[in-house]
Amino acid sequence: MNVALIFAGGVGRRMNQSALPKQFLELNGKPVIIHTLEHFQHHPEIDAIAIACVEDWIDHLRELLDEYGMTKVRWLVPGGATGQLSIYNGLKAITADLERTNPVVLIHDAVRPLINADLISRNIASVRELGSGVTCSVVKETILIADGDEYVAEITDRAQTRIARAPQSFLLNDIYQGHISALERGFDDCIDSCSIMQLGGHPVRLVDGPHENIKITTPGDFFVFRALHEATQNQQIFG
């Protein structure tokens, strides 16, 4: 069994939106979160979807799920104070139902809608074969390690550098226990699931993904998303 866990607990402070969380912003009349969910809803290998959503917007999200036919959504839980805690809430709900089956769980940002079916399939295959699968992309530019704000301390080897993205995928029991261990050690704001697994000493396998698989956190990201989405649509129409 394969489950997608979508975390949508953020309120989008960097989007300059005073009322509407970034995951509910619309592109071509459709909220960003629905663009994201559709990839999992329509993927033949995804059996169920869990969503951790900012609590005040759960009722609104339920309406959207009904409107757009997101029938695979099985769990809808409140998000936490951090992304880590939102994911933990989702994992806890999934575990309550599916602990014995130990499914593959693909953890994905609600505001990372430019994924594709092939990437989802390769994440699932990586977990089945190697125990984990963390989406990444090759770094195209030089990465500098700064010494304060003024000087370069180190120039990294670009060939050994990747950008961590999503989905980040694991067996349910492994990632759930990783979250419990992190919380017991006092960590509640780890940047991503890969970091949590690294804390526990678990090997994490890389899955190459497309460069356009961006996370929408600023107004500029939204405009990039819109341009890439429209380019993809035009390519499908005109070949």
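The values are calculated or read from the model by the stated rules, or taken from the named source; none is laboratory data. Bear in mind the structure is a predicted one, so any value in this text is a computation, not a measurement. Here Cβ is always computed from backbone atoms with ideal geometry, including for glycine, and neighbour counts include all displayed protein chains.
Things worth noting here:
- Qualifying residues in region 28-84 (those that are of a type in the set (Ser, Thr, Tyr) and closer than 26 Å to ASP188 by Cβ) - the one surrounded by the fewest Cβ atoms within 10 Å (Cβ to Cβ): THR82
- Hey, SER193 farther than 19 Å from ALA117 by Cβ, surrounded by 11 or more Cβ atoms within 10 Å (Cβ to Cβ), under 19 Å from the mean Cα position of the chain (by Cα) and not charged (D, E, K, R) or not: yes
- Selection within region 194-226 - of a type in the set (Gly, Ala, Ser), within 24 Å of ALA159 (Cα to Cα) and assigned to a helix (DSSP H, G or I): SER195
- Looking across region 138-167, the residues that are under 23 Å from the mean Cα position of the chain (by Cα) and surrounded by 10 or more Cβ atoms within 10 Å (Cβ to Cβ) come down to VAL138, VAL139, THR161, ARG162, ILE163, ALA164, ARG165, ALA166, PRO167.
- Among the numbered conditions (1) within 17 Å of the chain's Cα centre (by Cα); (2) modelled with pLDDT of 95 or more, the only one that TYR68 does not meet is (1).
- Unique match (being modelled with pLDDT of 90 or more and in a strand (DSSP E or B)) among PHE170, PHE187: PHE170
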